[in-house]
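One structure is given below, encoded as structure tokens.
The values are calculated or read from the model by the stated rules, or taken from the named source; none is laboratory data. Keep in mind that what you see is a predicted model, and the values were worked out from it rather than measured. Note that we place each Cβ from the backbone using ideal geometry, even for glycine, and neighbour counts take in every protein chain shown. SASA here: full protein model, heavy atoms, side chains in, ligands and nucleic acids out. Shrake-Rupley method; radii C 1.70, N 1.55, O 1.52, S 1.80 Å.
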Amino acid sequence: MRCITVLGPSQSGKSTLVQQLATLDGGRGASEAMDPLTITSFEFLGEPWCALDLPGGSEYATLAQGALMASDAAVLVVPPDPDAAMLTAPWLRVVEASGTPCFLFINKMDASGARVRDIVAELQGYSNHTIVLRQIPIREGESVVGAVDLISERAWRYRDGQQSALIEMPAGPVAEREAEARSELLEQMSEYDDSLLEELIEDREPATGALYAIASRELSENVLIPAFLGAAERSNGVTRLMKALRHEAPGVERLRERLGGARAVAFQAQIRKHLGKVVAIRALEDGIAIGQTLAGGNLGGLQKPGGGAGGPMQAGEVALAVKSDHLGAGLPLGADAPLPRPDWAASAPPMLARVLIPGSERDEVRLSTALARLAECDPFLAHETEDETGQPVLRAQGPQHLRRVLAALESDFGLAVETREPQVAWRETISGRAEVRYRHRKQTGGAGQFADVALILEPLPRGEGFRFNETVKGGAVPRNYIPSVEEGAQDAMTRGPLGFPVIDIGVTLTDGKHHAVDSSDHAFRTAGRMGVREGLTQAGPLLLQAIDRVDIHVPSACSGALVSLISGLKGQVLGFDRDPAQRGWDLFRATLPASSRDDLLSQLAGATQGTAWLEARFDHFEEVYGKEADAISKARLAALA
């Protein structure tokens, strides 16, 4: 069995293409939904195939990594519009990064008057590989009615719902364009084949069979991306694409080499109600069976996608493993342990964070368990705990990914949750120096409490945190009580006069008094805490906001629009450079208030048509002044009241 991933932007016709491929031989195929992936198995000319189909939202481009890890080839389905090339860029990027041999299918050509050459030229601006046109359209007026294969030089006329009919090469412009396009194709292929280059230099006509063999080898070596065209909804061009897949897509042994000799790959996982964890695996060698050791544990039951018991797996075969909870998604599998995930498949940092609020207190433990289970199945999901509230925080790739996880929590675990944005990490510090003397005295009969401390509070450079010193002389404060004063000072740091944790302050104990009977650790800790609180009020409290460092991966055509976007969110542009990893992309760098991150995500989607993605991390704290600081502090103090 050979396996392909069919992917591309929304509304490009991916699912329709899979359906048409699965029915070419008159069968219906068998499908298995493993949200968001659909696994479809079918036969073509007596050979077994499997297609992995992903939704088209741009955030799913990252989620395609697991499917690509299990695929011999990818079919990138693109709209017939040069202006839509940017929408394809994220998908092209993840395919090329994975090293998966790729076919390009320009779909819906029946509804387009665009020139194929222009479509390919725009796509080439985002591709590290040379895209080679393998077909040219035959037009009647503005309608595409067929195609010419540039290797065999055969012309085919489309017949809706049927296989195309072989016709004579149309004379005139079609023949002229075919000769020109074929010459370009052979020149591009000859760059990776010395024998073909020699034949072209000597002006000898290469044999058709030899050209197909070269095309197959160059695809397997992943040096070119062949482009085909058609209209999947009408079955136009689908058979030609399937024949190219059959003859040129490499076998499973090539994938095994790419994955370092793995026995299998686990490419998708899902929690199913009443069944537990289900893991989609692809065997990369013969003989994987129930009860065998795989990735360090025994393999449980095996099922075929679409239903039916699975027996011992042949190399290339896909099955669903149940009762195999030790298997993780998105990993190559050895016999004794999972193998390292390839560098290109490293989990992308989730961009969207939401605090989850369960419906009742008794659901809190269940929610924690459910999130851990979902994270086992989804390497692109993360969860943690909000520092201040202790509530769970879910991090997803984007809104669609988040909705899918929330739906799984409700359907598979019976947990309906509400969401809110995480709290922003505000802090406060002081702007000046303060000297305070605080005496703690309490007498309630018997031994009382007494501690007297003299303290100096000073601001520290940003990022220094808390520092405590003492210069006490003459035993005014006994040495054994000084640590208690420090502990009290640290207690005061948890909430300052503005209502937020306090940072970047130095406290020095300079003098004090004690009582032989009434002094204690508790008394000096209390004096330290209350003295620092008093000093914070006197030293000019100052509000600080968290500033993120943001690296935005964006198509170069959109970089200019980000300058005004960042400025409008009170950020600072640091600059941008060409992304060294991918043609047509820039790496845009900026700093931005953490409170603006959600606004950045939503505006970024609009400015880049959903193609950009970002990595954000805390960078530093920055002062906030005036009415804005007053409003934030008042709201905080009211919430704490």
DSSP beta bridges in the chain: the antiparallel percent, rounded to 5, is 80 percent
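Determine, for the chain, the count of lysine pairs separated by eight or more sequence positions (or lying on different chains) whose alpha-carbon distance falls under 17 Å.
Values: K14/K108; K273/K323; K277/K304; K277/K323; K304/K323; K442/K513; K473/K513; K570/K627.
Taking the chain as the scope, the lysine pair count is 8.
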From the Cα centre of the range 478-528 to that of the range 232-247, the distance in Å is 77 Å
Rounded to the nearest 10 degrees, the helix 559-568 long axis (Cα) sits at an angle to the longest Cα principal axis of the chain of 20 degrees
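Loop-only check: which chymotrypsin sites (Phe, Trp or Tyr not before Pro) in the range 425-463 are DSSP coil with at most 15 other Cβ within 10 angstrom?
On the way: sites: W426, Y438, F450; in loops: W426.
Counting only loop positions with at most 15 other Cβ atoms within 10 Å, none of the chymotrypsin sites (Phe, Trp or Tyr not before Pro) in the range 425-463 qualifies.
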Taking only Cα atoms of the range 401-504, the Rg to Rh ratio with Kirkwood Rh works out at 1.25
Mean separation of Cα contacts under 8 Å (at least 6 apart) over the residue count of the range 1-59, i.e. the relative contact order in percent, is 44 percent
Hull volume per residue for the range 13-147, using the convex hull of the C-alpha atoms, in Å³ is 117 Å³
Honestly the range 366-452 on the Cα gyration tensor test (a ≥ b ≥ c root eigenvalues; a/c under 1.5 rounded, otherwise a/b vs b/c for prolate or oblate) is just prolate
Protection proxy (average C-beta count within 10 Å per residue), highest first, orders 246-253, 482-489 as 482-489, 246-253
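Quick check for me: using +1 on Lys/Arg Cβ and -1 on Asp/Glu Cβ, what's the dipole size of the chain about its Cα centre, in debye to the nearest 20? Please list the in-between numbers first.
On the way: 64 positive and 85 negative charges, 471 e Å.
Using Cβ point charges on Lys, Arg, Asp and Glu, the chain gives about 2260 debye.
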Of 372-380, 314-322, 625-633, ordering from highest average Cβ density within 10 Å down gives 314-322, 372-380, 625-633
Helix-only [θ] at 222 nm, the chain, -39500 (n - 2.57) per DSSP H run of 4+, per residue, nearest 500, equals -9000 deg cm²/dmol
Interchain or sequence-distant (5+) residues whose placed amide H lies within less than 5 Å of the amide H of A425 are A546
What the 10 Å binned alpha carbon P(r) of the chain shows, as percent of pairs per bin from 0, is 3, 13, 19, 19, 15, 11, 8, 5, 3, 2, 0, 0
Given a 1.4 Å probe, the accessible area of the range 396-508 per residue, as a whole number of Å², is 49 Å²
For the range 82-239, averaging the sequence separation of alpha carbon pairs under 8 Å that lie six or more residues apart and dividing by its residue count, the contact order in percent is 32 percent
Computed curve, the range 276-362, Cα-only Debye sum without solvent term, log₁₀ I(q)/I(0) at 0.22, 0.26 Å⁻¹, is -1.03, -1.34
Taking Cα atoms only, helix 85-98 is inclined relative to the longest principal axis of the chain by an angle, in degrees rounded to 10, of 90 degrees
With all protein chains in place and a 1.4 Å probe, K108 shows an accessible area in Å² (nearest 10) of 80 Å²
With the 8 Å Cα cutoff and a minimum separation of six or more residues, the chain has a relative contact order in percent of 10 percent
Along principal axes, largest first, the alpha-carbon spread of the range 150-269 in whole Å comes out as 54, 43, 18
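So, with a 1.4 angstrom probe, what is the percent of accessible area on the chain that is carbon and sulfur?
Working: 13290 of 27560 Å².
Carbon with sulfur: 48 percent of the solvent-accessible area.
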Cysteines of the chain without any disulfide-compatible partner (other Cys Cβ under 4.7 Å) are C102, C377, C558
Env charge @ V322, Cβ radius under 11 Å, K,R +1 / D,E -1, value +2
Per residue, accessible area of the range 192-268 with a 1.4 Å probe, heavy atoms of protein chains only, in Å², comes to 42 Å²
For the range 621-630, Karplus-derived ³J(HN,Hα) couplings (6.51, -1.76, 1.60; θ = phi - 60°; whole Hz; x for glycine and proline) come out as 9, 9, 5, 10, 10, x, 4, 4, 5, 4
If unit charges are put on Cβ atoms (+1 for Lys and Arg, -1 for Asp and Glu) and the dipole of the range 29-188 is taken about its Cα centre, the option from L166, A70, A111 lying farthest towards the positive end turns out to be L166
With all protein chains in place and a 1.4 Å probe, T5 shows an accessible area in Å² (nearest 10) of 0 Å²
Distance in Å, no decimals, from the C-alpha centre of the range 132-180 to the one of the range 81-123 is 20 Å
Nearest 10, in degrees from 0 to 90: the angle of helix 238-248 to the longest Cα principal axis of the chain is 80 degrees
Regression test value, accessible area per residue of the range 1-153, probe 1.4 Å, units Å², expected 30 Å²
